[in-house]
Amino acid sequence: MAKTRGRPAKKAEKETEEKTVVSTDQKVQLNPDVANPPQLFILPENLSEEARIIQIENSRHSTNSPYVVCPKRGFFELTKVSAPKSTPRSWLLSGDHSEDSKANGADIKQTESKGETVDQFSTKGYVLRNANLMVATPIDALFLILPALTPKSAAKASGKKLFLSGEDYLDKMASASPELAPLLRNESLRSLIEKRMAVVCDTVEAGDETMYRVNEGKILTALLQKAKKMTKQGLPPSMEEKFVRKALEVPTLIIACEEEEDAVKPANSAISTPPTETPDTQSTITSFESTTSSVSQASTAATSLSGDSSVTVTANKKSLLPPITAPDGVADLLRLRTAMSFLCSKYMAPYMSESIKKLASSPETGTDFAPLDAHIADLAKLRQEAIAARSLGDASRKRGFEDDEGDGEGRAEKKRKKEEDEKRKKAGESRGVKTLKKVNVSGMKKMSDFFKKK
Amino acid sequence: MPHISGKNQALYALSRVALNSKVPHPKFFNHTTSQPPQSTAFPLQSTYFLNNNSRQKLTCAIFSTVLEARLEQADLFKKVVDAIKDLVQDCNFDCNDSGVALQAMDNSHVALVSMMLKAESFSPYRCDRNVALGVNLTSLTKVLRAAQTDDILTLKAEDAPDVLNLVFESSSNDRLSEYDLKLMDIDQEHLGIPDTEYAATISMPSSEFSRICRDLMALSESVAIEASKDGVKFSCAGDIGNGSVTLRSHTDNEKEENSIAIDLSEPVSLTFSLKYLVNFCKAAGLSKTVKLCLSSEVPLLVEYALSGNSYLRFYLAPKIGDDE
């Protein structure tokens, strides 16, 4: 299409001048941006006096992340729930004049020292520019001690690992996360960590001290146990949809000749339109690597892993959605594997999750994923055939398929651009031109057939 | 004072209307003032001529224009653009020293419009270098809508232009409006149209042709035009029935434009899309008469002759094969 060849409008300069004037006006009315704005937390009830929010080495990324540590109640990880960038939101914290405002559970932590007090927030109200929410959820201390138990250097060295005392491991942990050190002096916290350590370690009694050595098989067992617990309550709906339903979806085109068609087709439509219960306004800082699908799509995967509400939602949905068409047990196996890979990708260092996965796939671990693997291989084959069939067919089906593949966002962007382009083109099109487009020109030769090009 | 001191200012204000300004716009001396301007009131670059009638004339050395075309009646250009805009979306106005030409095809490439506004139609016309003005006709229509029918229209463009400058001067009162229309780069293939000896040439009142097309359009999508020594027959057949209009040549001595002349070297019969013909008829306001030229196996030529040897021609491919 033809392009406009205008030169930059000289007018623009003038306009920007005006704009700056306006913006300074606004600055007079509004307070300037706070450099370090307050944050909104949802913290557990009944934390002890010594509870702190501190930076601890993250077991996944070996960088520091904030955790809530309470000597009595253990560790809580902080998950940031934020509004998606496409729909910016803010918090309006209204002034609550009632007496029990503190008992509501939502405490406003003030990180800024400008002479303002918490009381000021609660009486005057406050607008938080970013609608972020930090939610504290319990985390197994096991995951926090894991980096200390399985240092990267040890993983590389193939030799037998040494037994070390719990003290040594705790020291290691404290050196990695210095903020934790004072809290580790607390006896109840130490015993809690050591108890969890014992779950994944071989232990040897040496005098009055217990020595620990990490055992990968035990880590796997512990993880499997956690994963099983996760699947028992049902995976969160978004996870279930993305990694279980999608993965087990049978391509429709191929199935057309089989009887199951009716069962599968509605399943497709249900998946392509996300149900309203899905908490789509939330996104978490988790990035979920999975063997089955892309990373960024699991944006809501980490929300409310054990919340009662999510369980009920899943239950409701199960009654609405048609059953997954797969051999018995395969869906459960896939759920288990999904939960496992979620745990690995969220809480385990990459090199650890590698070896754990390797261990999990070997047959002697107790859980046999073979039927699942076979079924998935079958599906992959079917899908490939479906692609081949579709690429021969019309283009619209092909587009639909690519959308399914998760390239949706980029495609939507492209589509929007195309539509805009077309809109612009249409705007420059007169009514006459539009009506002529509909004219049947069959039997009419092109002008270039009569007149030669110059 | 409202003078044009350089091209920057002209680009700056996309539309500038000067109303009864105390110090008149330099261009107003063309037709509004009789007293000579004070020499200090004008930018140094501008030059003036005094011709024998002591009319001041301004050549626009002010802009580094390579094209300046002044039309006494903006109406002509308005109607031409109106007639073309329903057929093509974007096209190039090719300006050279002989005039302003345009050739474009519709989206389906089955129809072609060829316009020529000869230099004689303008007063004055100056084109120092060939320029192609790529214009979106819908946008141009929007600008031309601001012109009164009897306004004086001046088209101006620089060398390798970004914009087409249009100035409308009201002849009665001192109103001057000026618009810059952004131009586009349009790749268009130019077809060479040979002079053809047509088997049949029919000239008739343009209103008559419009009426026939409109009437038959109610019945069918296509019309068969049959020229024989008895006359010319427009016939069509559709779902609800069929119909035909036959014209015989006759000469109206009182009103020459009402005459129908059929010049026939051999009988022809061709079928055309009525929708396109109706579209061509939008040019009926430009000329009292229209000329249809037919030969078998070649496109129909519908020509509206304009004053000063200028013309607006439409070509339409005949429908061959499936006669509906």
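The values are calculated or read from the model by the stated rules, or taken from the named source; none is laboratory data. As the structure is a prediction and not an experimental result, all values here were calculated from the model. Cβ coordinates were reconstructed from backbone atoms using ideal geometry, including for glycine residues, and neighbour counts include every protein chain displayed. The protein model used for the area step is the full one, side chains on, heavy atoms only, and it has no ligands, DNA or RNA in it. Shrake-Rupley method; radii C 1.70, N 1.55, O 1.52, S 1.80 Å.
Overview of results
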quantity	calculated
Whole-Å distance, taken between Cα centres, linking region B:94-163 and region A:180-208	89 Å
With DNA, RNA and ligands ignored, accessible area of B:M217 (1.4 Å probe; Å², nearest 10)	60 Å²
Projected label distance in nm at B:K288 and B:S172, using a 7 Å step from Cα toward the beta-carbon	2.5 nm
Label-point separation, A:A206 to A:A370 (7 Å along Cα→Cβ), nm	4.2 nm
Amide proton proximity set for B:L133, modelled H, under 5 Å, gap of 5+	B:F93, B:D94, B:C95
Chains A and B together, accessible area buried on both sides, 1.4 angstrom probe, square angstrom	3800 Å²
Cβ-Cβ FRET estimate between A:D171 and A:E420, R0 fixed at 60 Å, reported to 0.05	0.50
Phi to ³J(HN,Hα) by Karplus 6.51 cos²θ - 1.76 cosθ + 1.60 over region B:186-200, Hz, x for Gly, Pro	10, 8, 10, 7, 9, 9, x, 9, x, 6, 10, 8, 8, 5, 9
Probe 1.4 Å, protein heavy atoms only - accessible area per residue of region B:64-191 in square angstrom	34 Å²
Pairs beyond 24 Å (Cα-Cα), from A:K438/B:K282; A:K438/B:K78; A:K434/B:K288; A:K415/B:K182	A:K438/B:K78; A:K434/B:K288; A:K415/B:K182
Buried on assembly, region B:91-131 (at least 40 Å² less accessible surface than by itself, 1.4 Å probe)	B:N107, B:S108, B:H109, B:V110
Those residues of region A:330-350 whose amide nitrogen sits under 18 Å from the label point placed on A:L382, 7 Å along Cα→Cβ	A:330-335
With every protein chain in place, region B:64-191: carbon and sulfur % of accessible area (1.4 Å)	42 percent
